[in-house]
Amino acid sequence: MSENMQYLQSVSQLHGMFGFDKPTHPLISVVDVAEWEIPEAYLNLKMVSNLYSIGMKDKNCGLQYGRNSYDFDEGVLFFSAPSQVHSITKPQKRNEVQGWTLFFHPDLIRHTALGKTIDKYKFFSYDVHEALHLSEAEQKTITDCVNLIKNEISERIDNHSQTVISTSLELLLNLSMRYYERQFNTRAAQNTDFVSQFQFLLKDYYESGKFSEKGSPSIEYFSEKIHLSANYLSDLLKKETGQNAKEQIQQFIIDKAKTLLLSESDSVSGIAYTLGFNYPHYFSRLFKNKTGMTPQEYRQLN
């Protein structure tokens, strides 16, 4: 293990590392950020956590997430999922930053309805600079959900606690999804620019022959060039165009395939290779799935 790498496996380990009291629940905790002290000895420490986290903070706290710094001057909400890497880039004194962070272990929700749907909340994989900016009213609503959870885990655990905690978490996440959609709406002009960049890059990828050389482009190819996380870009495209990134790429392939089938003398196999398919039957399967007919049927019909 690297000297500067810390692996956090549990809520109890997190509390012990930062000097918090023993958690009242083994799988979930709400930490008051004002009480969080980060000594200089922790600078440049990288942490890989086995926990989900949801945090609301009111100013720059020196947290780096992946390649990006988390730097803001107003209250925002940010999320992270297990196995993501975090770095501490500046010390923090008590009461220097206000807010809260909620941590929970995957085992908390594993046998609940939320455990079956947690992957749909793709903002757990957004980059920090794509954090959710909230109005005062939205901040209060989210914080009320967290306070409900905090009160529940502070009381004596009973047969209803698991349900109350998991449904409160689910409400918090559904509200966050709603607020992210509002954020997409209020940034319509910026989003349109990102859509244009994506479409330009996709067209350029095809015209430069990269489909046949390297295969179909990945979502990560575009996200790195546009400087958005793959999930954020895909969600943004879905909001603006009705198709996520994967669907847009597939639709582009089908449109090009239709043109090539009608204007070229190449075999179906040759067209498949041109569009990045090593195995023509994968191309034929995708084409039929999207159009209802095989490439050869489409060519003969038209």
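Throughout, read-outs are computed from the coordinates displayed, never taken from laboratory work. Quick caveat: nothing in here was measured; it's all calculated off a predicted structure. With ideal geometry, Cβ positions are generated from the backbone for all residues, glycine too; neighbour counts draw on all protein chains shown.
Give me the distance between the Cα centres of the range 147-175 and the range 108-130, rounded to whole Å. About 16 Å separates the Cα centre of the range 147-175 from the one of the range 108-130.
Past the 14 angstrom mark, what percentage of all C-alpha to C-alpha distances in the range 96-142 do you count?
So the portion of pairs separated by more than 14 Å is 70 percent.
The residue among F194, I28, G209 whose Cα reaches farthest toward the positive pole of the charge dipole of the chain, with charges on the beta-carbon of Lys, Arg, Asp and Glu, is G209. Treating r as the C-beta distance of E247 and A189 and R0 as 25 Å, the FRET efficiency rounds to 0.60. Applying 1/(1 + (r/R0)^6) with r as the Cβ-Cβ distance of D255 and R182 and R0 = 35 angstrom yields a FRET efficiency of 0.60. The charge dipole of the chain, taken about its Cα centre with unit charges on the Cβ atoms of Lys, Arg (+1), Asp and Glu (-1) only, comes to about 840 debye.
Treating each Cα of the range 198-274 as one equal point scatterer and applying the Debye formula with no solvent, the log10 of I(q)/I(0) at q = 0.11, 0.13, 0.16, 0.18 Å⁻¹ comes out as -0.30, -0.42, -0.61, -0.74.
Checking the a/c ratio against 1.5 first, then a/b against b/c, what shape does the Cα gyration tensor give for the range 135-175? Taking the square roots of the gyration eigenvalues as a ≥ b ≥ c, the range 135-175 is oblate.
Spacing of the modelled spin labels on R285 and K46, each 7 Å from Cα toward Cβ, amounts to 3.7 nm.
Label sites at N147 and K90, each approximated as a point 7 angstrom past Cα along Cα to Cβ, lie 2.9 nm apart.
With the charge dipole of the range 189-301 set up from +1 on Lys and Arg Cβ and -1 on Asp and Glu Cβ about the Cα centre, the Cα lying farthest toward the positive end among the listed residues S269, S218, A245 is that of S269. Annotation: extensible slack from E224 through D21 equals 69.0 nm (criterion: 0.36 nm per residue apart, minus Cα-Cα distance). Placing a label point 7 Å from the Cα of A113 along the Cα-to-Cβ direction, the residues of the range 148-175 with a backbone N closer than 13 Å are 163-172, 174.
In the P(r) worked out for the range 155-302, what percent of Cα pairs fall beyond 22 Å?
54
Suppose the Debye formula is applied to equal point scatterers at every Cα of the chain; what is log10 I(q)/I(0) at q = 0.15 Å⁻¹? Debye intensities relative to I(0), on a log10 scale: -1.14.
Along the range 274-290 the Karplus relation, 6.51 cos²θ - 1.76 cosθ + 1.60 evaluated at θ = phi - 60°, assigns HN-Hα couplings of 4, 9, x, 9, 6, 10, x, 5, 5, 5, 4, 5, 5, 4, 5, 4, 8 Hz to successive residues, with x for each Gly and Pro. Straight-distance candidates among the lysines for linking to K258, with alpha-carbon spacing under 16 Å and chain neighbours fewer than 8 residues away dropped: K203, K288, K290.
Computed from phi, the 3J(HN,Hα) profile of the range 215-232 under the Karplus parametrisation 6.51, -1.76, 1.60 (θ = phi - 60°) reads x, 4, x, 7, 4, 5, 4, 6, 5, 5, 6, 8, 6, 10, 5, 4, 5, 5 Hz, with x in place of Gly and Pro. Would you tally the net charge around D255, using a Cβ to Cβ cut-off of less than 13 Å, leaving D255 out, and scoring K and R as +1, D and E as -1? Neighbourhood net charge equals +3.
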